[in-house]
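Asks: If you scroll down you'll find the structure; I have some questions about it.
Throughout, read-outs are computed from the coordinates displayed, never taken from laboratory work. In this text, all values refer to a predicted model and were calculated from it rather than measured experimentally. Cβ atoms come from the backbone with ideal geometry, glycine included; neighbour counts cover every protein chain shown.
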Amino acid sequence: MEYTALRPKAMPGQDPRESGTAPGAPHRPHAVPRRARRLRALLLGVFAGTLLVLTGVGIGTVGATVIGLSRLAELRHQAPPVAPPARAAPTDPAAGPSHAPAAAPGATLGVEVVDAEKAGALVVGVHVPGPGYTAGLVRGDVVLQFGSARVDSAADLARAVAGARPGRQVLLTVRHSSGGYQQLTVAPGVVT
């Protein structure tokens, strides 16, 4: 076949006279690697997107935990320090370990409190299970009265609870975060 200026020369692989191809089917020798590259790029994109989303969720969770813990640490820092209960000292150090009973443990409500903005003790943590949880105290409540003792601060509540008899029911006056008042019955427990 002779090529003229009006008829361009056939590109390699498109000449119908070459053997091995059907006359109507186009021959595409580079299509398979191109498809593999596209599939590889798609899978890499999906993997990278999943990794970024999971990393963002993890960082967000860690951030929320750190912020929450720093707020709790700040509230604990505001609370007055609680002195540990006194223990009985051994009378004779040469006699070996003492089997004398320790001082009686004090009563507890199983709550963590700080001074409220106004009068009262703001509950910032409730231990589950515990006497405070059983009575119905929730985080955000403000304890105003413990039995007959008025509570103006967290220290007042700690003194009133320490003076209470474990297991004996006491009436609490509480202001909820919604503004409503409620009287709860609580039986202080024993720290073991």
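Asks: Among 171-180, 40-49, 150-159, how do they line up from the highest to the lowest mean number of other beta-carbon atoms within 10 Å?
Replies: My ranking of the peptides, most packed first, is 150-159, 171-180, 40-49.
Asks: Moving on to the next point. May I ask you to compute the full-extension gain from Ser178 to Val46, defined as 0.36 nm times their residue separation minus their alpha-carbon distance, rounded to one decimal in nm?
Replies: So the chain would gain 42.8 nm between Ser178 and Val46.
Asks: Something else about it: Estimate the FRET efficiency between Arg34 and Leu54 by the formula 1/(1 + (r/R0)^6), using the beta-carbon distance for r and 25 Å for R0, to the nearest 0.05.
Replies: 0.20
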